[in-house]
1. Looking at the range 140-225, what strands (runs of 3 or more DSSP E) fall wholly within it and have at least 3 residues that are crowded, with 18+ Cβ neighbours inside 10 Å and modelled with pLDDT of 95 or more?
2. Has the range 203-210 got any residue that is closer than 17 Å to LEU111 by Cα and within 13 Å of ligand 2 (Cβ to nearest atom)?
3. Would it be correct to say that ALA250 is surrounded by fewer than 17 Cβ atoms within 10 Å (Cβ to Cβ) and of a type outside the set (D, E, K, R)?
4. Scan ILE215, ILE187, ILE162 and give me the residue that is over 22 Å from ILE345 (Cα atoms) and within 14 Å of ligand 2 (Cβ to nearest atom).
5. Just give me the residues in the range 187-221 being within 16 Å of ligand 1 (Cβ to nearest atom), over 21 Å from the mean Cα position of the chain (by Cα) and not basic (Lys, Arg), in sequence order.
6. Looking only at strands (runs of 3 or more DSSP E) that fall completely inside the range 309-377, which ones have 3 or more residues that are open to solvent by less than 30 Å² (accessible area, probe 1.4 Å)?
7. Exactly one of these conditions fails for ALA235: (1) hydrophobic (A, V, I, L, M, F, W, C); (2) away from ligand 1 (no atom under 16 Å from the Cβ); (3) without any contact (Cβ under 8 Å) to a residue 60 or more places away in the chain; (4) not in a loop (DSSP other than H, G, I, E, B). Give me its number.
Amino acid sequence: MSTQVQPPESKLKTSSNNVGTPIAPPAVVRKQQRAPRSRMDLVVLWLAVFLLALLVLVGVIDSAPLQSAQNSSAAASSGSSSSSSQTTTKAASKAAVPAHKTYNPQIPLVLQGNTVNISLTITEQLVAIADGVAYHAWTFDGTVPGPILHVRQGQLVHTTIINHGNMGHSIDFHAAQTPWNVNYQEIPVGKSLTFTWRADYPGVFMYHCGTPTVIDHMANGMYGTIIVDPAKAWAPAKEYVLVQSEFYTAQNSDGTYSLDPNKVLNGQPDYVVFNGYANQYKAAPLTAKAGEHIRLYVLNAGPSQFSAFHVIGALISNAYMDGNPANRTQGNQTVMIAPGGGSIIDLVIPAAGLYPFVTHSFADASKGAMGVIKVTP
Ligand code: CU
Ligand code: CU
């Protein structure tokens, strides 16, 4: 122990000698006098080193997965953008991150009647997409994803879209057959668009903004799910909606984040999430009873990553591509869901416990596309 202490002690002495002590006491006396002070200095020094190491370690552990994703993406983009993202990192602590409310994955009751009304209002606003990450999103009704819409096969859907944003936006319902050049065209700021379509096919469908540059409008959060129940209703089950999607971020000077156009075109997301927020159903698991029929309506809003939907510890008894009862496959381990596609996933989990759900594209699961089903007896 004393051998460890001595080298720095002698270094300290040397440096103090260099500064120069005009009247140097005899060597032996100096050694006796200085020893306690040097030990104090050393204690302080070691404490400082220890604290510094602790701070660095905590910082590294805290930000390791996402930071490495961001760094690798930054490295791929231009030098100037990576240096600007480094200089703005400190500003993140100043930015006000909107409070995150867990996205409600439960399906609202199906609308009744032969003709039903749905309305969506477009806004551009700051939303939280991960712990401490505020993102300038473009939304339907203020959330990412937008609200879950629920109609029945055969219904006429009278649709109104209101643009309260600061730029032109539009709508595209994958559940509809309607002329793109009429009903999917840009809605100017402050205007609205109304049209009616028939829900001909049952399923789990995407709706999204289709205004150029389309990938930017989708990557900024302009998507949601519309569920069309089959004319002959599904059997009762514990039902949840999960929308997988990606965020491609660049930090602003105030610490908030906006879309990184290079990352989005290169397919390099920083976050891949279910229902708009990284890992939110790890903190607030979906719940079911052992032996209960669970039905997951899974939509992949992309804009670019394929989903390999998988539940750890369970098998998928039935999967219905795009949620159509005719598209049934059985006993699946992993279900592929294309960007812009959906699937209904049926599960019956026999034993109580925790069952994580992920995209088995594990780079994406590591970026936040992971949640948990908590099964109780
Ligand atoms: Cu838009
Ligand atoms: Cu589309």
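1. Numbers: elements: 149-152, 156-163, 192-198, 203-208.
Per the criteria, 149-152, 156-163, 203-208.
2. Within the range 203-210, one or more residues are closer than 17 Å to LEU111 by Cα and within 13 Å of ligand 2 (Cβ to nearest atom).
3. Values: surrounded by fewer than 17 Cβ atoms within 10 Å (Cβ to Cβ): no; of a type outside the set (D, E, K, R): yes.
Against the criterion (surrounded by fewer than 17 Cβ atoms within 10 Å (Cβ to Cβ) and of a type outside the set (D, E, K, R)), ALA250 does not qualify.
4. The unique qualifying residue is ILE215.
5. Those that are within 16 Å of ligand 1 (Cβ to nearest atom), over 21 Å from the mean Cα position of the chain (by Cα) and not basic (Lys, Arg): ILE187, PRO188, VAL189, GLY190, SER192, LEU193, GLY210, THR211, PRO212, THR213.
6. 316-321, 341-348, 353-359, 370-376
7. With respect to (1) hydrophobic (A, V, I, L, M, F, W, C); (2) away from ligand 1 (no atom under 16 Å from the Cβ); (3) without any contact (Cβ under 8 Å) to a residue 60 or more places away in the chain; (4) not in a loop (DSSP other than H, G, I, E, B), ALA235 is out only on (4).
The values are calculated or read from the model by the stated rules, or taken from the named source; none is laboratory data. Values in this document were obtained by computation on a predicted structure and should not be read as measured data. Quick reminder, even Gly has a Cβ in these numbers, built from the backbone with ideal geometry, and neighbours come from all protein chains shown. Only protein heavy atoms, including side chains, enter the accessible area calculation; ligands, DNA and RNA are left aside. Shrake-Rupley method; radii C 1.70, N 1.55, O 1.52, S 1.80 Å.
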